[in-house]
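Structure, as structure tokens:
The values are calculated or read from the model by the stated rules, or taken from the named source; none is laboratory data. These numbers come from a predicted model, not from an experiment. Positions of Cβ are generated from backbone atoms using ideal geometry, with glycine treated the same way; all protein chains shown enter the neighbour counts. For the accessible areas, the whole protein counts, side chains as well, though only heavy atoms, and no ligand, DNA or RNA atoms are used. Shrake-Rupley method; radii C 1.70, N 1.55, O 1.52, S 1.80 Å.
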Amino acid sequence: MTEAILLVGGRGTRLRPLTVHTPKPMLPAAGVPFLTHQLARARAAGVDHIVLATSYLAEVFEPYFGDGSSLGLHLEYVTEEEPLGTGGAIRNVAGRLHSGPEQPVLVFNGDILTGLDIRALVRTHETTGADVSLHLTRVTDPRAYGLVPTDATGRVTAFLEKPQTPEEIVTDQINAGAYVFRRSVIDTIPAGRPVSVERETFPGLLAAGAHLQGMVDSTYWLDLGTPAAFVRGSADLVLGRAPSPAVPGRCGDRLVLPTAEVATDAKLTGGTVVGEGACVGEGARISGSTVLSGAVVEPGAVITDSMIGAHSRVGRRTILTGAVIGDGASVGPDNELREGTRIWCDAHIPAGAVRFSSDE
Ligand code: GTP
């Protein structure tokens with residue numbers, strides 16, 4: 001039996017400044033709440049007990065996932081009174097773990113989409129006898145991340161804050177947000193106060209001579225911290241680039257959920273998802289986008305890399321690129337909204353109100 005802790009609390013959980021009401025872990029990615037993919041991937045890797053560590057959203061998780069039996073899991077929920085940070089959240093659920101002191105406990109950040117070979121991470125942990133093992137991924141521009149250099153055997157040598165100068169970029173390896181802890185290490189994290197694993201627990205363990213092992217796995221990896229990344233992740237799930245047993249239906253260019261209505265000459269490409277009860281009109285073209293349930297895309301709209309909120313409306317011939325339309329909002333016909341636009345929930349943009357291109 002393997003057990004895991006899934007971290008789904010903290011300040012960024014509501015996908016702010018996204019305009020969609022739904023909290024991020026429950027926002028549909030490829031048709032199901034994002035968390036479902038993580039739970040299903042863990043289950044497929046042999047995990048059977050998962051504790052969800054949250055700081056204020058248990059009320060949305062539990063009614064949906066229940067005891068986890070529909071996913072073949074035993075799920076438990078623990079809510080912090082105040083956010084305890086990543087390390088504090090792990091420590092806070094220690095009482096729910098069944099593992100013995102020497103046994104491995106998996107920990108996953110709740111906002112990462114990855115094809116990580118979870119079993120390989122556990123194997124690495126067991127064969128190296130590490131105290132904590134970390135999934136590391138390589139990024140082309142490491143400036144936005146804390147860096148995790150390792151020696152020739154993969155043993156972590158330091159945890160470095162975000163590099164400020166080119167000389168500080170000593171590696172392209174970053175913490176990918178999946179760990180295996182020896183259970184007894186979790187018990188050493190201070191209880192009852194905020195603790196960050198990256199800034200406190202891991203550096204402290206290193207300083208005390210503990211063995212932290214890195215496993216570089218350059219499989220699919222995406223931090224869903226921004227709305228654009230979330231839309232990308234959903235499309236990659238549909239396209240099959242990001243592997244998940246929870247995608248409802250076959251992978252391909254598009255995913256149209258039951259009860260959605262799509263006009264026969266509408267064109268859906270690039271991993272576009274059309275949610276339940278949503279409606280896509282004639283001649284609309286939608287690429288790499290997520291259309292949430294009950295939304296209406298009127299004829300001739302052209303939508304690329306965008307999130308269309310639940311029960312929102314996109315008017316005729318309107319062009320959206322890299323936009324987020326909040327739940328219940330409406331964008332009238334003949335608008336053009338480009339990269340970074342956020343339309344607040346329930347807001348209304350009149351017909352022909354916004355353009356970017358020339359008036360020719
Ligand atoms: P710290 O390491 O605690 O400073 O957090 P961070 O801000 O570096 O973590 P980040 O925002 O990258 O979040 C990583 C994962 O941990 C995400 O899935 C968050 O939902 C989760 N998380 C962050 N803070 C908390 C918290 O206070 N409580 C819980 N339960 N989860 C958290």
Environment charge at residue 222 (Cβ cut-off 13 Å; Lys +1, Arg +1, Asp -1, Glu -1): -1
Protein chains only, probe 1.4 Å: how do 344, 221 rank by accessible area, largest first? 344, 221
Counting only protein chains, not ligands or nucleic acids, how are 218, 287, 55 ordered by accessible area (probe 1.4 Å), most first? 218, 287, 55
Size of charge dipole - the stretch 253-349 - debye, nearest 20, with Cβ of Lys, Arg +1 and Asp, Glu -1, no other charges: 120 debye
Hey, can you find the accessible area per residue of the chain for me, probe 1.4 Å, expressed in square angstrom? 42 Å²
Reported to the nearest 10 Å², residue 151 has, with a 1.4 Å probe, an accessible area equal to 70 Å²
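Relative to 2.2 N^0.38 Å, what does the C-alpha radius of gyration of the chain come to as a ratio? Two decimals please.
Compactness ratio reported: 1.05.
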I need the fraction of alpha carbon pairs in the stretch 59-205 separated by more than 25 Å, rounded to a whole percent. 33 percent
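Which percent, nearest 5, of DSSP beta bridges in the chain are antiparallel?
Looking only at bridges with both residues in the chain, the antiparallel portion is about 25 percent.
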Surrounding charge for residue 162, neighbours by C-beta under 13 angstrom, Lys/Arg +1, Asp/Glu -1, total -2
Solvent-accessible area of residue 145 with every protein chain in place, 1.4 Å probe, in Å² to the nearest 10: 60 Å²
Kindly give Rg over Rh for the stretch 253-349, based on alpha-carbon atoms, with the Kirkwood expression for the hydrodynamic radius. 0.92
Let me check I've understood the local charge: for residue 75, count other residues with C-beta under 14 angstrom from its C-beta, Lys and Arg +1, Asp and Glu -1. What total comes out? -3
How would 108, 61 line up by accessible area, probe 1.4 Å, largest first? 108, 61
Using only C-alpha atoms and all pairs of different ones, pull out the Kirkwood radius for the stretch 69-109 in Å with one decimal. 12.0 Å
